[in-house]
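Asks: Below you'll find the structure I mean.
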Amino acid sequence: MNIISTGISPYARLALLAFLISICAMASSSLEPATLITNARIFDGVSDQLIEGKDVLIRDGLIVAVEENLEVPEGATVIDAQGRVMSPGLSDMHAHLMLQLPYGVAFTSDREYWAYVASTIAEQYLMQGFTTVRELCGNSFSLKKAVDQGILLGPRIYPSGPMISQTSGHSDHRTDAQQSATLGFEPSVPMKYFHVAVADGRAEVLKVVREVLRRRASQVKIAVGGGTGSYSDPLDTTQYTADEIRAAVEAAEDWNTYVTAHVYNSEGIIRAVENGVKSIEHGNLMSEKAMRLMKEKDVWLSPQVIVYTFHPLGYNEEQKARHDQAFAGIDQMFTLAKKIGFENIVFGTDIITSPEMIKRANEEFTLRTRWFDNVEILRQATSKAGRLLALSGRRNPYPGKLGVIEAGAHADLLLIEGNPLEDMSVMTEYEDKFDLIMKGGVIYKNTL
């Protein structure tokens, strides 16, 4: 039929044509080539038994089916896993992409050099099987953007932006050579580059937290106790008043996300949890009272081991002593967790100052076998990490499920030669044993 004879105006005909083209484009998009992985033994992020006899179908960055005898879609790429173990991509829940310069180099370098080094660290993490990191101190917002846009290679990044502390706290990296804050604040180099921030009192805390959220932080990190890498704050100190902590929590919750807190000691943990903090970073020196409160409030613990097995480059003797003090507390912390049945524990490394140590980050898996079964460690790095990441709520930069292999989850997958449920050492041999690395359905390594 002649469309002109219908009385439709030229504008209407153009609108109809555009509509038909859009429909065709949508249909074409839905038929993007899929990937079908067969013959894998699947660790789904949860079960202590490998799932056998099921195929995994991936399309548009998502797992669309995990079923037996799936038909091969037209145009699909088929990958025969040949019996390898399939695992969800790994998550480092306490990473520092931006902080891999030794102290002396960091404090004498411009922001561009910090960024260039960070870009190499991001790619290294991905090639070690970490498809997601929670970046817990550092101005990684533009790094995240570059990775998401495909300009750089790297994992999914959940950025906190600068860790926020009080004057004299864990973010105050001023040395004795810098003037007193009572005379006018002279910022440290990390503060100038927005890797850390100092805020005192409710008004300042609100302002800095809101600034971090303006930059699209997925969660907010504050320090409520001393640290090993800062110059002025012993580990026993309690930092931020209850009102200052509440200010940070209120601002984050108004933005539909959460606050995590750096702290080693019990007093700081208790104050943080009582005022709404949802995750504790480190916690090495906590008491049973503090851990039981965390369990009662369903708070997460994000501990690390490997970072305490070496002294970060550029530490002075006082910093080294605090670092060793923190290392000495790890056994009692994990032993206490097993005693009271505290299970909200995730995987992280906290490595700083050393690109060479980043290459050893996977040793965290074997270090944890002193306290945890293999399956529990793997859950900490996959499904449990996914549950904590989901606390970012509407600020989650990657909505959907991470850390599990099931229909609807993000297609972040590894194919591993060897079974980490039986032999955790395979997780440290990523160059030889990780035969396939996929993030968002895109293959970044395939040696099959």
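The values are calculated or read from the model by the stated rules, or taken from the named source; none is laboratory data. It should be emphasised that the depicted structure is a prediction, and the values quoted were computed from it without experimental measurement. For neighbour counting, all protein chains shown are included, and Cβ atoms are generated from backbone atoms with ideal geometry for every residue, glycine included.
Asks: Restricting attention to segment 25-45, report how many residues are assigned to a loop (DSSP other than H, G, I, E, B), modelled with pLDDT of 95 or more and not aromatic (Phe, Trp, Tyr).
Replies: Count: 5.
Asks: Out of all the residues in segment 279-290, which are part of a loop (DSSP other than H, G, I, E, B) and buried (at least 22 other Cβ atoms within 10 Å of the Cβ)?
Replies: 286
Asks: Please give the number of the condition residue 88 fails out of (1) closer than 25 Å to residue 222 by Cα; (2) in contact with a Ser or Thr (Cβ under 7 Å, 6 or more places away or on another chain).
Replies: Every condition holds for residue 88 apart from (1).
Asks: Looking at 60, 48, which is the one that is farther than 26 Å from residue 398 by Cα, among the acidic types (Asp, Glu) and modelled with pLDDT of 95 or more?
Replies: 48
Asks: Take the residues in segment 344-379 that are assigned to a helix (DSSP H, G or I) and among the β-branched types (Val, Ile, Thr); name whichever of them is surrounded by the fewest Cβ atoms within 10 Å (Cβ to Cβ).
Replies: 369
Asks: A further question follows. Determine which member of the set 80, 92, 110, 60 is within 30 Å of residue 189 (Cα to Cα) and surrounded by fewer than 20 Cβ atoms within 10 Å (Cβ to Cβ).
Replies: Matching residue, one of 80, 92, 110, 60: 110.
Asks: How many residues are within 26 Å of residue 325 (Cβ to Cβ) and assigned to a loop (DSSP other than H, G, I, E, B) if we restrict to segment 219-261?
Replies: Number satisfying all stated conditions: 16.
Asks: Considering only segment 180-208, state which residues are farther than 21 Å from residue 352 by Cβ, at pLDDT 95 or above and in contact with an Asp or Glu (Cβ under 9 Å, 6 or more places away or on another chain).
Replies: 199, 200, 201, 202, 204, 205, 206
Asks: When segment 74-115 is examined, which residues are found to be closer than 23 Å to residue 445 by Cβ and over 19 Å from the mean Cα position of the chain (by Cα)?
Replies: 75, 76, 77, 78, 79, 80, 81, 82, 83, 84, 85, 86
Asks: Confirm whether residue 233 is more than 20 Å from the chain's Cα centre (by Cα) and either closer than 22 Å to residue 101 by Cβ or basic (Lys, Arg) (or both).
Replies: Yes.
Asks: Enumerate the strands (runs of 3 or more DSSP E) found wholly within segment 380-448, keeping only those where 3 or more residues are among the aliphatic types (A, V, I, L, M) and farther than 17 Å from residue 158 by Cα.
Replies: Those strands (runs of 3 or more DSSP E) span 413-416, 434-439.
Asks: I want to confirm something. Restricting to segment 403-427 and keeping residues that are of a type in the set (Val, Ile, Thr) and closer than 15 Å to residue 51 by Cα, which single residue is surrounded by the fewest Cβ atoms within 10 Å (Cβ to Cβ)?
Replies: Ranking the qualifying residues of segment 403-427, first place goes to 404.
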